[in-house]
Structure formats: C-alpha cells, structure tokens
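Enquirer: The structure follows.
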Amino acid sequence: MSEPTVSETRLFQPTADFASQSHLGSLEAYRALHKRSIDDPEGFWSEVASELTWMKPWDKVLDESDAPFYKWFTGGKTNITVNCIDRHVEAGNGDRVAIYWEGEPGDSRVLTYADMQKEVSRFANALKAMGIGKGDSVAVYLPMVPELAIATLACARIGAVHSVIFAGFSAESIKDRVLDASSKAVITSDGTYRRGKELLTKNIVDEGIADCECIKNVLVVQRHPEKEPFAHGWVEGRDHWYHDLAKNASDECAPEEMDAEDMLFLLYTSGSTGKPKGIMHTTGGYMVGTYLTSKLTFDLKPEKDVYWCTADVGWITGHSYIVYGPMQNGVSQVMYEGAPNYPAENRFWEIVEKYKVSIFYTAPTAIRAFMKWGDDHVTKHDLSSLRLLGTVGEPINPEAWMWYHRMIGAEKCPIVDTWWQTETGGHMLTPLPGAIATKPGSATVPFPGIDAAVLDEDGNEVERGILAIRKPWPSMLRGIYGDPERYKSTYWCKWDGKYYFPGDGAIKDEDGYFWITGRVDDVVNVSGHRIGTAELESVFVEHPAVAESAVIGVPHEIKGQGLVAFVIIRTGAEGDEDVMRKELTSMVDSKIGKFARPEKIIFSGDLPKTRSGKIMRRLLRDIAEDRPLGNISTLADPSVVEILKDKIKG
Ligand code: PRX
C-alpha cells in the first residue's frame, strides 16, 4: 500500500465564544463522551434514547444474537412523528416555526410545529382513506415542497413504509423501485419549478407506473396554479387530488404504535453491482441516531437557531437532516424548492439573509460552483446570522474548504465535514463544533458511539487503507430489502463479519483524524450522488449496436467526479458517432436520470483487457487522466492503449 499523502497542516481551533456555548465545549469532553460510548455502548445509547418519547420502553438495547442482523431497542414501542412534532407542541412550542418554505418563483409558506401536527395528521388520514395502513409501502415522488416532508411524516404516522424517490429520477427508475418495494400508492405533484421552467412530475410517474399492478392509488399535490392537462390523462378511481381528499380529512390522527424494529423507510442507493438496493431503516435506532447526531453535530439550539440543509429529501441527507433529525430537535428550518442559481447565482445567500439562517449545511460540489460564480454574489448579502457551516456527500478539497471558511463563515464559523452514508443513517465521522479542531479536507473523528478504524485487506490497522466500523450503531441499515445475502456479502464479509465495510478508502493521521480518499469499489460520486458504474454500463449494452462498455470516474472541477464511458460498437453496426452519442445519452436520461449523464462517451474498437478477458479499469482511469501507465505487458493487446489515448485527446 502506498504512503499516506496528507500534506494539509492547517489546524483551526474552536473559538472560545463558540466553545463556551456549545453542547460539547472541549476536546476533553468529547474524549470522555467517546470513551464512555465505546466502553459501554448500551448504557450510552439508552441514555440518549431516554431523552425521547416512547410508548413502551425497550427490553434490550442491542440484540446481537443474529449478527450482522443487529436489532436495537427491542421490545420498545414508539412513533417517530411523536418525537418530531407532538412532543414540541405538548411542551408549549407549537407556535415555533418548523418550516420556512421558499418556492423557486419567490412564493413562500411558513408552517409552525402546531401546523405540522395538523397537516401531517390530515395527510395521514387521506392515506388511510385510500386504504393505506401499517406495513404498506408508499412511493413518494415529490419536489421540494412542504408536502414532501409532510407526506413522509404522514406515512410514518400510520406506520406505512415510505420509499422516497428523488424527483430527478426517470420513469424507469420509478418503475424499478415501485416494483421492488411492491408500493401500493404513489404520492406525487402535478409539477414543480426548476430554473424558471415548469416540470410535470405526474407525467413521469404515470409513465413509470404504467405496468406496475401493485399501485392502486396516485395522490397528486397541486403545485401549479392551473390544473394540468396530463400527458397520460387522469385515471378515475386511481388518481386523486390531495386537496380534494384533504377537504374531508380530519386534522387529528393518533400515531400508530410502532415496534422499534418496524420498518420506517426504504431508500434505494447504488452499489458496485446490479440494480440499486433498497436500504432498510427501522424506527427506534434511526430515531435515536438522527436525534443525537443533529443535536451534537449542528450544536442545535432550537430556541434561537434557523437551520438550513440544502439537500433534497429524495436523498438520505434530506431524510435524516431535513425531516427526522432537525424536527426531533424542534428547530426551525428553511426548505427551498429550486436551483441555487435561479433567478441568479446569489439565491442561496439571499435566502440566508432573508431568514437569518444560523446553521447552513451543503455539499462540496455546491461550494465549488459558488466559488466559480464569483465572490460578488456573496458579498452583497449580510450573512452575519451564520454561526455554523457543514458539508456532506463527498470529500471536500482544501481550497473549497478555505473559501467556505473565509467567504461564508467569516473565519468564525466552525465547519463540520460529515462523513456518512445512506446505509449508516446518520453522521459517523465529524468534528463536534466547539470541541474538535478542524483540518481542511478531513472529516476528523468518530461521532460518540462510533468505533472507526483504517484497515488493510487482512484486517490490520494501517495509516492508509480502507475505512471500517467496528461496532454496530443504532441508525445502521437493517438490510437490503428482499436480499439478506447481499446485505451480508456487501457490508460484512470483507473482514469475516467483524467490521462493517462502507466501501470508502481512508487515511488516519498522527492525531487520529480520518481523511476519506474516495470509494474503493466501482461506485462514482458525481456531485455527491452515488452512481454505480455497472448500472450505467448495463444501460449502454441495451443499445443494439453496443457490444460492451466500461464506465469510470475521473476528477471533475465542480462535480468532484465525472463519468467517462468507453463503448465498443458491434462489428457492422458502426455509424455516425455523434448520433450514437445522443442516443446513448437519452438512454441514460430515460433509464436513470439526467444527473447520471457521462461527461464523455468514447467509442473504441476494443478495451484494455487482461489475457483472461478482464477489463483493466485502473488503466482506463490512467488513460483518461493522462497519467503514466507503467507496465502494460499483461494486456492481451497493448496497442489498444495508444488508440484510446488518441481518442481521449481528440
Ligand atoms: O464515499 C462516501 C461519500 O458518499 C458516500 C455515501 O453516499 P450516499 O449514501 O449517497 O450518502 C451521501 C450523503 C451522506 C460515502 O460512501 N461521502 C459522504 N460524505 C462524505 C463522503 N466522502 C468524503 N467526505 C464526506 N464528508
């Protein structure tokens, strides 16, 4: 294994001001809490869980009898929405704003916690009226309107399992997910706004569910002022306007009593092989994990903070750090529908100023875009309300970190670089603000209760190697829906079931700080979105002229990583490359979504393969990045390398 490459030496200590008011005000406090959490995980997590409302306490904190199918808080009964909403209303905080919603065209809505209690109950009753109940799976394909948060909470209220599908996914992706989860209903909208254009979401849903017999109802939230003439019509008996059902729905709905291990939601994510997997999260552990991580990582002070996470609820970041974590803490938050550069590149900063946002959580890819758009968009706004910044989704380059620190954080806001995954449910590595000094580009140290290590393939601790998690934690995934074997083989086989394998490379420096070096499998992180190269390759080979394809990730200035596709055309099927490129791109759009489009599609007669026929992806990456190639004598046909090099340059 190569030597560690961390050359970053800058260290930013928490300011005395921040530390003195923070939940965990010193390094010693962090160390003591972390040690306690590792020495006595059950004691630690049960104390955290006791801060929340349960209908019946748990019998056992952690059940390891069927590892790696760990169970948490067994025997406990609760409903997560009680902790997200009712608890705050009952404590007299019903008038506190839950959501300041900002529509892209400039319209806005404000919902208090008391409003949320009514709206979620009303929505829950509408679902019940359609025959949805405990254990049923409901797909949610909604833009970033308040109903997205309301609908997910409404599912949780009645014990239905939500499967939120990011509204940038194509019809075919909807179909795959709906069929895999056997969803009984879809919640969608007529449309949304994106960069000033009206997008018709229901049309995409209609196309996606055309052959899904499991879907009995489609609930449509109205976002556009005029009723749409939908491309696929309106199916009487199946399609319902939400506002029609809402008229007759009561705004009171008792929360369903859920077992701690009852499923809360499914969220599909890409792996290195096969179709996207349905990651299963259950009620109790996820509730406790997202509650504590939100509270400590963001140092939440619900009485005064205005928190804004710019992610979409369609991804895990929105599930954990828009819907469930912040709301369990009773904080006020901003939710924004549209693009960061509409109508202009200052839109985010205008929103920060308007709502006096104090905590701002975004992705490195967005920060790099802001840098490119220029400082003027930032400096014309008053950002003095900000007190804490966060990043998530991909490694942040030190240059972007420093810009964020200087331009957005006025050199006073701590930056929490949070490493975690769809599977982990919540933050795993992150500085705790006020306690942990930060280094640009490092996700720093494990969250309390998380025991992380850097290992080699054989399970020995090394400085540079593969990230591993030693112990189970409450918000961990409970499996892959319908595929327990894949759960075991993907996450628990690398080190004989002793550690969780997240699929990321990491370095641990002399201070015990972790630096994520990127995926070690065939997953590419494009603008913080996980894309399996195998998924894209299988799209290309569906084209009748394509014999074979290999997709790789390459560094990208804004997106972090971009995709390059190498495509081999069948002999005799060669044609105009530009036409073929357009066809392949539109296949990506319709089978996955526009966000998965490759930067480059390179047509070639052959790919570099070993004599046993295995594609040498590492070599493709070296060619794409114009790096020295080293020994290529194991190639079946070394001449292919020169041809590809010319093609990349051309
Ligand atoms: O490679 C890591 C990267 O994103 C992956 C998880 O992707 P997803 O499940 O879509 O969740 C994204 C939001 C949590 C990880 O395996 N990743 C996430 N956060 C970071 C990161 N890489 C480096 N630093 C981070 N802070």
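Enquirer: If you find the alpha carbon centre of segment 140-198 and of segment 313-329, how far apart are they in angstrom?
Expert: 15 Å
Enquirer: Same structure again: Sorting 576, 239 on the 10 Å Cβ count, fewest up front, what's the list?
Expert: Fewest to most other Cβ atoms nearby, the residues stand as 576, 239.
Enquirer: Also, quick follow-up: Evaluate the Debye formula for segment 527-649 with equal point scatterers sitting on the alpha carbons, no solvent, and hand back log10 of I(q)/I(0) at q = 0.15, 0.18 Å⁻¹, in q order, two decimals.
Expert: Cα-only, vacuum Debye calculation for segment 527-649: -0.68, -0.98.
Enquirer: Between their Cα atoms, which of 77/202; 559/600; 202/275; 216/591; 134/471; 247/591 are more than 26 Å away from each other? Please report the intermediate quantities before stating the final value.
Expert: Working: 77/202 36 Å; 559/600 14 Å; 202/275 24 Å; 216/591 23 Å; 134/471 31 Å; 247/591 37 Å.
As for pairs spanning more than 26 Å Cα to Cα, those are 77/202; 134/471; 247/591.
Enquirer: Fewest first, what order do 556, 88 take by the number of other Cβ atoms within 10 Å? Before the final figure, lay out each step's value.
Expert: Values: 556 17, 88 25.
In increasing order of surrounding Cβ atoms, one gets 556, 88.
Enquirer: Which one, 558, 603, 641, is farthest towards the positive end of the dipole of segment 527-649 when Lys and Arg carry +1 and Asp and Glu -1 on their Cβ?
Expert: 558
Enquirer: Got a sec to turn the phi values of segment 502-516 into Karplus ³J(HN,Hα) couplings, 6.51 cos²θ - 1.76 cosθ + 1.60 with θ = phi - 60°, whole Hz, x for Gly and Pro?
Expert: After applying 6.51 cos²θ - 1.76 cosθ + 1.60, I find x, x, 10, x, 7, 10, 10, 8, 5, 8, x, 7, 9, 10, 7 Hz.
Enquirer: Another question, then. Among 351, 260, 475, whose Cα sits farthest toward the positive end of the charge dipole of the chain (+1 at Cβ of Lys/Arg, -1 at Cβ of Asp/Glu, about the Cα centre)?
Expert: 351
Enquirer: Return the FRET efficiency for the residue pair residue 39, residue 595: r is the Cβ-Cβ distance, R0 is 41 Å, and the value is rounded to the nearest 0.05. Mind dumping the intermediate values first?
Expert: Values: r = 43 Å, r/R0 = 1.06.
Result of the calculation: an efficiency of 0.40.
Enquirer: Assuming a strict under-24 Å limit between Cα atoms, what lysine pair count do you get for segment 351-465 once near-sequence pairs (fewer than 8 apart, same chain) are dropped?
Expert: Final tally of qualifying lysine pairs is 10.
Enquirer: Can you pull the semi-axes for segment 111-259, root of five times each eigenvalue of the Cα gyration tensor, sorted largest first, whole Å?
Expert: Numbers: eigenvalues 102, 66, 39 Å².
Taking √(5λ) for each eigenvalue gives 23, 18, 14 Å, largest first.
Enquirer: Please label the shape of segment 245-385 as rounded, prolate or oblate, based on the square roots a ≥ b ≥ c of the eigenvalues of the alpha-carbon gyration tensor (a/c under 1.5 means rounded; beyond that, a/b larger than b/c means prolate, else oblate). Mind dumping the intermediate values first?
Expert: Working: a/c = 1.91, a/b = 1.48, b/c = 1.29.
Prolate shape, in that a/c is at least 1.5 and a/b is the bigger ratio.
Enquirer: Kindly provide the GluC sites (Glu not before Pro) of segment 50-152 that DSSP labels as loop, not H, G, I, E or B, and whose Cβ sees at most 13 other Cβ atoms within 10 Å. Intermediate results must be reported in sequence, preceding the final value.
Expert: On the way: sites: 51, 64, 90, 102, 119, 147; in loops: 51, 64.
Answer in residue order: 51, 64.
Enquirer: Counting other beta carbons within 10 Å of each Cβ, put 176, 646 in order, fewest first.
Expert: Values: 176 20, 646 9.
By the 10 Å Cβ count, ascending, the order reads 646, 176.
Enquirer: Out of the DSSP beta bridges found with both residues in the chain, what percent are antiparallel (nearest 5)?
Expert: Numbers: 57 of 98 bridges.
If I count the DSSP bridges inside the chain, around 60 percent turn out antiparallel.
Enquirer: Please state the charge dipole magnitude for segment 5-164, taken about the Cα centre, from unit charges on C-beta atoms (+1 on K and R, -1 on D and E), reported in debye and rounded to the nearest 20. Each step should come with its number before you reach the end.
Expert: Working: 16 positive and 22 negative charges, 77 e Å.
About 360 debye.
Enquirer: Using a Förster distance of 25 angstrom, determine the FRET efficiency expected from the C-beta separation of residue 134 and residue 243, and round it to 0.05.
Expert: On the way: r = 26 Å, r/R0 = 1.02.
The calculated FRET efficiency here is 0.45.
Enquirer: Does segment 302-389 come out rounded, prolate or oblate by the C-alpha gyration tensor, with a ≥ b ≥ c the root eigenvalues, rounded set by a/c under 1.5 and, if not, prolate when a/b is larger than b/c and oblate if not? Please list the in-between numbers first.
Expert: On the way: a/c = 2.15, a/b = 1.39, b/c = 1.55.
Oblate.
Enquirer: Sequence-distant or interchain residues sharing an amide H contact under 5 Å with residue 526, placed H: which?
Expert: Close amide H contacts, sequence-distant or interchain: 531.
Enquirer: Right, another one. Per-residue counts of other Cβ atoms within 10 Å, averaged by peptide: what ranking do you get for 180-187, 353-360, highest first?
Expert: Those peptides, ordered most packed to least, come out 180-187, 353-360.
Enquirer: Sticking with this one: Quick one: Cα centre-to-centre distance for segment 371-386 and segment 573-650, in angstrom?
Expert: That distance is 40 Å.
Enquirer: Under a 5 Å amide H to amide H cut-off, with H placed in plane at 1.01 Å, what residues pair with residue 444 once short-range neighbours are removed?
Expert: 514
Enquirer: In whole Hz and in residue order, list the ³J(HN,Hα) couplings for segment 606-616 that follow from phi through the Karplus curve 6.51 cos²θ - 1.76 cosθ + 1.60, θ = phi - 60°; x for Gly and Pro.
Expert: For segment 606-616, the Karplus curve yields 7, 10, x, 10, 6, 5, 8, x, 8, 5, 8 Hz.
Enquirer: While we're looking at this one, here's another question. Please turn the phi angles of segment 347-353 into ³J(HN,Hα) values with the Karplus equation 6.51 cos²θ - 1.76 cosθ + 1.60 (θ = phi - 60°), one per residue in order, whole Hz, x for glycine and proline.
Expert: Using θ = phi - 60°, the values come out as 4, 4, 6, 5, 5, 4, 5 Hz.
Enquirer: While we're looking at this one, here's another question. Counting only residues 5 or more places away or on other chains, whose amide H sits under 5 Å from the amide H of residue 164 once H atoms are built in the peptide plane?
Expert: 140, 266
Enquirer: Which log10 I(q)/I(0) values does segment 221-292 give at q = 0.23, 0.28 Å⁻¹ under the Debye formula, counting every alpha carbon as one identical point scatterer?
Expert: -0.99, -1.19
Enquirer: Can you classify the chain as rounded, prolate or oblate using the Cα gyration tensor, where a ≥ b ≥ c are the square roots of its eigenvalues, rounded means a/c under 1.5, and otherwise it's prolate if a/b beats b/c and oblate if not?
Expert: Values: a/c = 1.44, a/b = 1.16, b/c = 1.24.
It comes out rounded by the Cα gyration axes.
Enquirer: Once you place label points 7 Å from the Cα toward the Cβ at residue 15 and residue 95, how far apart are they in nm?
Expert: 3.2 nm
Values quoted throughout were computed directly from the atomic coordinates according to the rules given, and no laboratory measurement underlies them. Predicted model, so just to flag it, every value in this text is computed and none were measured. Cβ sites come from the backbone with ideal geometry, for glycine too, and all protein chains shown count toward neighbours.
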